1. Label-point separation (nm) for Trp60 and Arg24, each offset 7 Å from Cα along Cα-to-Cβ?
2. With all distinct Cα pairs included, what does the Kirkwood hydrodynamic radius of the stretch 15-113 come out to in Å, to one decimal, could you say?
3. Return the calculated 222 nm mean residue ellipticity for the chain, to the nearest 500 deg cm²/dmol, obtained by summing -39500 (n - 2.57) across DSSP H runs with n ≥ 4 and dividing by the residue count.
4. Expressed in nm to one decimal, what extension gain is obtained for the pair Leu227 and Thr118 from 0.36 nm per residue of sequence separation less their Cα-Cα distance?
5. If you wrap a convex hull around the C-alpha atoms of the stretch 187-235 and split its volume per residue, what is the figure in Å³?
6. Suppose R0 equals 30 Å; then what is the FRET efficiency for Ile48 and Val75 from their Cβ-Cβ distance, rounded to the nearest 0.05?
7. Can you give me the orientation-averaged projected area of the convex hull built on the Cα atoms of the stretch 38-93, in nm²?
8. Which whole DSSP H helices in the chain pass both tests: a Cα extent of 24 Å or more along the axis and a mean Kyte-Doolittle value no lower than 0.0?
Amino acid sequence: MIRVLRDFGKGVGLLAKGFGLVFRSPKLLLIGAIPAVLSSALLIGGLILLATNIDTIAAWATPFADDWSETTRTVTRFAAGISMIGAFLAIGLLAFTAITIVIGGPFYEHIAESIEDTELGGVPEAEQVPWWRSALNGVRDAVLLIGIAILLAIPLFAAGFIPVVGQTVVPVIAVCVNGWLLGIELTGIPFTRRGKTLKERRAALRSKRAVTLGFSVPSYLLCLIPLAAIVVMPAAMAGGTVLAHRLITGQAPKYPAYQPYPNGTQAS
């Protein structure tokens, strides 16, 4: 348990390191913020639309509660509304990340390349992937991850109706699941530069599950704060680049606060 907590803390430290990297280079922060602004506008608009119509949508989704007592019907539809908003945020955030990465493909590739070249010793084996091919790969991976998120959101939505558990345990599970999926997306560019597949990326992240969650769960929670994603996305991309580099090469970054993982994972 202590080791899990220590590894989780290392993941949080990687996100903090990402913030430090982009704040030390305002150019990287600005480059990463541009696509995030566009995607944030879409996500916030969709959330406002959902929130203003949540009563009608919740009533439509729970016709079986029409004949129940007023108190029971109200509680049931309130729970349904909360679950719908949670599902929208979970799926919407993944879609937001995917759209942001596709829109800002060249921007985020520049951030990843800059960090690996200046902070992590470069990538001698890097593949020269055309932007359009990188975008297509990103869309394909994003569609798969969003599909997984939707499939997982269905049982979590149903579990949200369970008294107490649905309002306590289920949200924690949902945050961990969606944080994990977000972590897969945020580490995509460094793996793609080395010709690694989504399957190889997931296997590498699973080898350091607690570290990955320590990085991705705070990233996910911070992105839930309105407009915070504009700053969080560049930092999370920077932190994800460091995480991916360490998982692939097993090498320590040049800064002394971190040590290399023993038996570094080679995703081959």
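1. Distance between label points: 5.1 nm.
2. Working: mean 1/r = 0.0624 Å⁻¹.
It works out to 16.0 Å.
3. Values: 11 runs with 210 residues, N = 268.
Theoretical 222 nm ellipticity from helices: -27000 deg cm²/dmol.
4. On the way: separation 109, 0.36 × 109 = 39.24 nm, distance 2.89 nm.
Using 0.36 nm per residue and subtracting the Cα-Cα distance, I get 36.3 nm.
5. Details: hull volume 3.8 nm³, N = 49.
Once divided by residue count, the hull of the stretch 187-235 is 77 Å³.
6. Details: r = 25 Å, r/R0 = 0.83.
About 0.75, to the nearest 0.05.
7. Values: hull surface 14.8 nm².
Hull-based average projected area comes out at 3.7 nm².
8. Working: long enough: 2-24 (32 Å, 0.68); 26-52 (37 Å, 1.96); 70-103 (47 Å, 1.45); 131-159 (41 Å, 1.44); 165-186 (30 Å, 1.59); 229-249 (30 Å, 1.45).
Those that pass (Cα extent of 24 Å or more, hydropathy at least 0.0) are 2-24, 26-52, 70-103, 131-159, 165-186, 229-249.
Read-outs: derived from the displayed coordinates by stated rules, not from any lab. Since we're looking at a predicted model, the values are computed, not measured. When we count neighbours, we look across all protein chains shown, and the Cβ atoms used for this are built from the backbone with ideal geometry, even at glycine.
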